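The values are calculated or read from the model by the stated rules, or taken from the named source; none is laboratory data. Note that the structure is a prediction, hence the values are computed from the model and not measured. Don't worry about glycine lacking a Cβ; one is built from the backbone with ideal geometry, like all the others, and counts go over all protein chains shown.
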């Protein structure tokens with residue numbers, strides 16, 4: 001029957017397009033600029049320039065992250081809005097330090113203005129991996145949705161083949177595996193994006209490995225979705241030979 005001669009490409013097209021997701025980029029935080037000795041005006045100015053440069057680099061990084069979030073087709077509207085707010089707050093906070101740096105008249109004032117640049121915002125150590133992790137989680141979730149749609153189409157094809165008197169036992173078993181592995185991946189990621197978005201610089205400082213469990217969930221979920229994809233292929237092949 002023509003309806004049962006389903007190709008893998010037709011049934012599973014696009015199911016895995018969004019699974020790979022972006023790499024989880026993370027940079028190291030540059031050392032804070034060294035302040036100048038009292039009475040050394042030119043050294044103070046040089047230290048101010050280094051501090052301002054460190055601020056500008058972070059603001060630029062936040063802008064790139066914001067652009068990545070805006071471009072992502074997989075991010076949910078809620079997660080995009082939360083990311084935009086987090087990144088925007090960090091940019092405004094860093095911008096607010098610039099007048100303090102410029103106004104510093106000695107090394108103590110400059111040190112007080114520059115010290116929050118790294119720990120108060122954790123752009124490189126938290127916001128970068130946080131952003132990419134959330135995008136990757138939502139990207140995997142989009143793949144799960146596609147897999148679910150593909151499974152429904154395969155189920156309909158199996159029912160049609162069964163009604164035509166064909167043996168669909170192998171296809172049924174493969175489809176059951178496909179659904180089970182898809183559900184497994186969805187379960188692994190449940191609530192993870194929201195939990196990642198809730199991590200603050202203070203929480204990161206208290207536990208620098210705070211993102212590790214969510215990355216582990218993501219790795220396991222991707223493996224489950226790939227297994228579901230392969231099971232879907234097996235179901236289609238079983239229908240072909242039924």
### Task
Given the conditions (1) touching a helix residue (DSSP H, G or I) at 6+ places or on another chain (Cβ under 7 Å); (2) at pLDDT 95 or above; (3) in a helix (DSSP H, G or I), report the number of the one that residue 75 does not fulfil.
(3)
### Summary
Of the listed residues (90, 120), the one being in contact (Cβ under 8 Å) with a residue 12 or more places away in the chain, out of contact with any strand residue (DSSP E or B) (no Cβ under 7 Å at 6 or more places or on another chain), within 20 Å of residue 54 (Cα to Cα) and not in a helix (DSSP H, G or I) is 120
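Report yes if residue 235 is assigned to a helix (DSSP H, G or I) and within 30 Å of residue 126 (Cβ to Cβ), otherwise no.
Numbers: assigned to a helix (DSSP H, G or I): yes; within 30 Å of residue 126 (Cβ to Cβ): no.
Considered against the rule, which asks whether it is assigned to a helix (DSSP H, G or I) and within 30 Å of residue 126 (Cβ to Cβ), residue 235 comes out as no.
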### Selected residue [on the phi < 0 side of the Ramachandran plot, surrounded by 22 or more Cβ atoms within 10 Å (Cβ to Cβ), modelled with pLDDT of 95 or more and in contact with a helix residue (DSSP H, G or I) (Cβ under 7 Å, 6 or more places away or on another chain)] from 204, 225
225
### Task
Answer with yes or no whether residue 175 is in contact with a helix residue (DSSP H, G or I) (Cβ under 6 Å, 6 or more places away or on another chain), modelled with pLDDT of 95 or more and closer than 30 Å to residue 126 by Cα.
no
### Query
Within region 141-159, how many residues turn out to be in contact (Cβ under 8 Å) with a residue 12 or more places away in the chain and over 19 Å from the mean Cα position of the chain (by Cα)?
10
#### Entry: Selection from region 68-87 of residues that are closer than 15 Å to residue 123 by Cβ and either buried (at least 19 other Cβ atoms within 10 Å of the Cβ) or over 11 Å from the mean Cα position of the chain (by Cα) (or both)
69, 83, 86, 87
### Task
Report, by residue number, each residue of region 180-201 that is touching a helix residue (DSSP H, G or I) at 6+ places or on another chain (Cβ under 7 Å), in a helix (DSSP H, G or I) and more than 30 Å from residue 169 (Cα to Cα).
189, 192, 193, 195, 196, 197, 201
### Message
Checking the structure you have, find out if any residue of region 164-176 is free of Cβ contacts under 8 Å to residues at least 40 places away in the same chain and farther than 30 Å from residue 217 by Cα.
### Response
yes
